[in-house]
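Heads up: the structure comes next, in structure tokens.
The values are calculated or read from the model by the stated rules, or taken from the named source; none is laboratory data. Everything numeric here is computed off the predicted structure, so don't read it as measured data. No Cβ is skipped: glycine too gets one built from the backbone with ideal geometry, and neighbour counts run over all protein chains shown.
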Amino acid sequence: MRDIEKTLERRARRDRREKHRSIESMKAAVLSSPAAISNRPLRIQDVPAPEPEPGHVLLRVRACGVCRTDLHIVEGELPVRREALIPGHQIVGEIANGGQPELPAGMRVGVSWIGGIDGTCWYCRQGFENLCDAPTFTGYTVNGGYAECALARADFVFPLPESLDDLHAAPLLCAGIIGFRSLRVAGVQQGDRVGLFGFGASAHLVIAVLKSWQCKTYVSTRGESHRKLAASLGADWVGSEHDKPPVELDRAITFAPSGDVVVAALSSLRKGGVLAINAIHLDRMPQFDYDRLLWGERQIRSVANMTRQDARDLLRIAAEIPLHPKVTLFPLDQANEALLALKNDAIDGAAVIVP
Ligand SMILES: [Zn+2]
Ligand SMILES: [Zn+2]
């Protein structure tokens, strides 16, 4: 905690110093070619700051959350979309030059995984913007927030409630929003019995929302420290990845990038129950017994991206509860180490990078 305070103080001094200077170059973590994170594929270097573009705002990054999708991008499990990429899609930034009355300079905003949509495809026109055929993904198809500055589409930034400070707002911006969307996709109702399979950044936020809805929560996860965290956050039952919740579940959400976990979750679901898979990538989908596990009108649904409404709703609920993520701080220089720790399940709660 002392380190966090020191870092924040140092940053506040720098911000005061640089407030009126135009931004020409910046420090960033750049991915040139994907590789196993143990090879440290991100290079910390000085690069030109992004040029302001019409319809966009330039942000000074104050914090950027680390997401498992970043790890999939850096390790090449998602196809390469840019030659040199700055990852990071849970950006808390301060508007450096807005040029728009509703987004004045100095305003604190969040940016998430969906950085833009075409607005014209069938999905956008039907109100399913999370399924847009030509979306912009922050920190994947455009540069993201592992940097001192970032550019974001003005209609895809979210003003942040004052009660959420930078470090604790960052993990909400993907882990929180997409976790919240998973609850919607799973159709969670007040008082439901909900299973959470895997207990990383997203699940540890979701459990607080479920508690506020008077749901019973059953957490099955590997790693003693993850189990301890789940218990300390009020889970009604906690077990290892091999244990089965003691009741049949109304809803289940899986967070691990593992097909075996999906099948384990399915085997705990009551008839008519819904399983939502909160993962952009699964290692594989194993064969399973339809008669026993899926018949009985059980449903499996994937969770894809998010809508701006999901973001606004989650931020409002987070301020009301209030949601207070457990964070582990990494300076920008240690972006590789942050992802390595995530891969090794060595982080309880969420990792956040501070430039
Ligand atoms: Zn579209
Ligand atoms: Zn994410």
Q: Return only the number of the condition from (1) of a type in the set (Gly, Ala, Ser); (2) surrounded by fewer than 17 Cβ atoms within 10 Å (Cβ to Cβ); (3) touching a residue at least 12 places away in the same chain (Cβ under 8 Å); (4) assigned to a loop (DSSP other than H, G, I, E, B) that residue 346 does not satisfy.
A: (3)
Q.
Here are the criteria: (1) under 16 Å from residue 202 (Cβ atoms); (2) part of a helix (DSSP H, G or I). Tell me which single one residue 312 does not satisfy.
A. (1)
Q) Tell me, which strands (runs of 3 or more DSSP E) wholly within region 175-246 include 2 or more residues that are buried (at least 23 other Cβ atoms within 10 Å of the Cβ), within 22 Å of the chain's Cα centre (by Cα) and at pLDDT 95 or above? A) 193-197, 216-220
Q) With 203, 252, 235, 230 as the choices, which residue is touching a Leu at 6+ places or on another chain (Cβ under 6 Å), aliphatic (A, V, I, L, M), under 27 Å from residue 170 (Cα atoms) and free of Cβ contacts under 8 Å to residues at least 60 places away in the same chain? A) 203
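Confirm whether residue 93 is under 24 Å from residue 76 (Cα atoms) and either touching a helix residue (DSSP H, G or I) at 6+ places or on another chain (Cβ under 8 Å) or not aromatic (Phe, Trp, Tyr) (or both). First the steps, then the outcome.
Numbers: under 24 Å from residue 76 (Cα atoms): no; either touching a helix residue (DSSP H, G or I) at 6+ places or on another chain (Cβ under 8 Å) or not aromatic (Phe, Trp, Tyr) (or both): yes.
Considered against the rule, which asks whether it is under 24 Å from residue 76 (Cα atoms) and either touching a helix residue (DSSP H, G or I) at 6+ places or on another chain (Cβ under 8 Å) or not aromatic (Phe, Trp, Tyr) (or both), residue 93 comes out as no.
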Q: Kindly indicate whether residue 171 is away from ligand 2 (no atom under 11 Å from the Cβ) and either in contact with a Leu (Cβ under 8 Å, 6 or more places away or on another chain) or not in a strand (DSSP E or B) (or both).
A: no
Q. Could we say that residue 257 is outside any helix (DSSP H, G or I) and touching a residue at least 40 places away in the same chain (Cβ under 8 Å) here?
A. yes
Q: Could you grab me the full set of residues in region 184-227 that are of a type outside the set (S, T, N, Q) and over 21 Å from residue 264 (Cβ atoms)?
A: 184, 191, 205, 208, 209, 211, 213
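Give the residues of region 77-130 that are of a type in the set (D, E, K, R), exposed (fewer than 13 other Cβ atoms within 10 Å of the Cβ) and more than 16 Å from ligand 1 (Cβ to nearest atom), sorted by residue number.
Initially, region 77-130 is screened for residues of a type in the set (D, E, K, R), giving 77, 81-83, 94, 102, 108, 118, 125, 129.
Still in the running and exposed (fewer than 13 other Cβ atoms within 10 Å of the Cβ): 81, 83, 102, 125.
81, 83, 102, listed by residue number.
Out of curiosity, is residue 74 within 13 Å of ligand 2 (Cβ to nearest atom), closer than 22 Å to residue 353 by Cβ and of a type in the set (Val, Ile, Thr)?
Numbers: within 13 Å of ligand 2 (Cβ to nearest atom): yes; closer than 22 Å to residue 353 by Cβ: yes; of a type in the set (Val, Ile, Thr): yes.
Taking the combined requirement at face value, the residue satisfies it.
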Q: Considering every residue within region 309-322, establish whether at least one is surrounded by 14 or more Cβ atoms within 10 Å (Cβ to Cβ), under 15 Å from the mean Cα position of the chain (by Cα) and at positive phi.
A: no
Q: Go through 63, 35 for me and flag whichever is part of a strand (DSSP E or B) and either within 16 Å of ligand 2 (Cβ to nearest atom) or surrounded by fewer than 20 Cβ atoms within 10 Å (Cβ to Cβ) (or both).
A: 63
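Taking the options 27, 6, 19, name whichever one is farther than 30 Å from residue 181 by Cβ and either buried (at least 17 other Cβ atoms within 10 Å of the Cβ) or at pLDDT 95 or above (or both). Show your work before the answer.
On the way: 6 fails: either buried (at least 17 other Cβ atoms within 10 Å of the Cβ) or at pLDDT 95 or above (or both); 19 fails: either buried (at least 17 other Cβ atoms within 10 Å of the Cβ) or at pLDDT 95 or above (or both).
One residue alone meets the criteria, 27.
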Q) Do any residues in region 48-68 that are over 22 Å from residue 102 (Cα atoms) have Cβ atoms under 7 Å from those of residues that are of a type in the set (S, T, N, Q) and more than 16 Å from ligand 1 (Cβ to nearest atom), where the two are at least six apart or on different chains, and which pairs are they? A) 48/25; 49/25; 64/90; 65/90; 67/90
Q | Contacts under 6 angstrom Cβ, first residue in region 120-139 being within 24 Å of residue 59 (Cα to Cα) and part of a strand (DSSP E or B), partner within 10 Å of ligand 1 (Cβ to nearest atom) and not aliphatic (A, V, I, L, M), 6 or more apart | A | 136/116
